[in-house]
Amino acid sequence: DGGITQSPKYLFRKEGQNVTLSCEQNLNHDAMYWYRQDPGQGLRLIYYSQIVNDFQKGDIAEGYSVSREKKESFPLTVTSAQKNPTAFYLCASSIGGQLEEKLFFGSGTQLSVL
Amino acid sequence: GNSVTQMEGPVTLSEEAFLTINCTYTATGYPSLFWYVQYPGEGLQLLLKATKADDKGSNKGFEATYRKETTSFHLEKGSVQVSDSAVYFCALQRSYGKLTFGQGTILTVHP
């Protein structure tokens, strides 16, 4: 089945530690996205990539980094500079380059601080 | 700037009741509008969309009409089921694939 796989489902971070969230898709989509979801708030865009080897900051990129070395993979690193990392992180993908295009979401990673 | 405002939740209904979840937006131009649904422990799924004024999106008994004059995109369903219990997000498209989401509305349907 085609889809988006996020891992791990739950992740714990210690103070001063960097952690990396995995996102893999087998939909052959060009575009990929990372959103952050906090309770009672909508999703906020962290980073997005419209093509391999290229990515742009979203609305809340500070304290995060990404890479897009392969079409199917878009890992997100939460660095120690992110002072409030506890949230639910959602990865998404889309065909890319089309208006009104549908986003496909993974099942998310819950990150908590120890 | 672009923004989306949804009605405050949570919303609790009995099975077969009528559902309305209000959504209003602020945007430049005429963005495409979406409703996404998130079931417990899962990511979001596209429920329906509308791309221009007066368009009606529909899926699984849910409907929403793009109202330019009131800048609204309210979600409705005539008879909800327990399986409709989820979080519903209204969103507008800013550019290719980039969405602005509302805060989400939790819906709980009791038998």
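Taking the Cβ-Cβ separation of A:Glu62 and B:Thr108 as r and a Förster radius of 45 Å, what is the calculated FRET efficiency to the nearest 0.05? The value I calculate is 0.80. Here the 3J(HN,Hα) profile of the range A:107-113, calculated from phi with Karplus coefficients 6.51, -1.76 and 1.60 at θ = phi - 60°, is 8, x, 10, 8, 9, 10, 9 Hz, Gly and Pro shown as x. Here is the short version for the protein assembly as shown: each Cys has another Cys C-beta closer than 4.7 Å. Restriction of the trypsin sites (Lys or Arg not before Pro) in the range B:1-87 to DSSP coil positions whose beta-carbon has at most 14 other beta-carbons within 10 angstrom yields B:Lys52, B:Lys60, B:Lys68.
Given a 10 angstrom Cα cut-off, can you work out which residue in B:Ser95, B:Ser32, B:Ser72 is the most mobile in a GNM of chain B? Looking only at B:Ser95, B:Ser32, B:Ser72, the largest GNM fluctuation is found for B:Ser95. Taking Cβ atoms as reference points and 15 Å as the exclusive limit, the residues near B:Lys77 contribute a net charge of -3, counting Lys and Arg as +1 and Asp and Glu as -1. Within straight-line reach of A:Lys14, meaning a Cα separation under 30 Å, sit the following lysines at least 8 residues removed in sequence or on another chain: A:Lys57, A:Lys70, A:Lys83.
What are the semi-axes of the equivalent ellipsoid for chain B, taken as the square roots of 5 times the Cα gyration tensor eigenvalues, largest first, in whole Å? Before the final figure, lay out each step's value.
Values: eigenvalues 108, 41, 28 Å².
Ellipsoid semi-axes (Å, largest first): 23, 14, 12.
A viscosity of 0.692 mPa s and a temperature of 37 °C, combined with the Kirkwood radius over C-alpha pairs in the Stokes-Einstein formula, give the range A:20-114 a diffusion coefficient of 245 µm²/s.
Around B:Pro40, under 14 Å between beta carbons, what's the net of Lys plus Arg minus Asp minus Glu among the other residues? Please report the intermediate quantities before stating the final value.
Numbers: positive: A:Lys9; negative: B:Glu42, B:Asp84.
Spelling it out: positives minus negatives among the neighbours equals -1.
The accessible area of A:Arg13, taken with all protein chains in place and a 1.4 Å probe, comes to roughly 10 Å². Near A:Tyr47, the amide H atoms lying under 5 Å from its own belong to A:Trp34, A:Gly58; only residues 5 or more places off or on other chains count, and H is placed 1.01 Å from N. Shielding value for A:59-70 is 0, the average number of Cβ atoms from other chains within 10 Å of each residue's Cβ.
The aspartates and glutamates whose alpha-carbon is closer than 16 Å to the alpha-carbon of B:Lys60, local same-chain residues fewer than 8 away aside, are B:Glu15, B:Glu16, B:Glu76, B:Asp84. Fraction of C-alpha pairs exceeding 26 angstrom in the protein assembly as shown: 37 percent, rounded to a whole number.
Given R₀ = 30 Å, what would the calculated FRET efficiency be for A:Val52 paired with A:Lys14, taking r from the Cβ atoms and rounding to 0.05? Walk me through the intermediate numbers first.
Numbers: r = 32 Å, r/R0 = 1.08.
So the FRET efficiency works out to roughly 0.40.
With each label modelled as a point 7 angstrom along the Cα→C-beta vector, the B:Ser58-B:Ser14 pair spans 2.7 nm.
The values are calculated or read from the model by the stated rules, or taken from the named source; none is laboratory data. Keep in mind it's a predicted model, so treat the numbers as computed, not measured. In this analysis, Cβ positions are derived from the backbone assuming ideal geometry, glycine residues included, and neighbour counts consider all displayed protein chains. Surface accessibility is based on the protein's heavy atoms, side chains included, excluding ligands, DNA and RNA. Shrake-Rupley method; radii C 1.70, N 1.55, O 1.52, S 1.80 Å.
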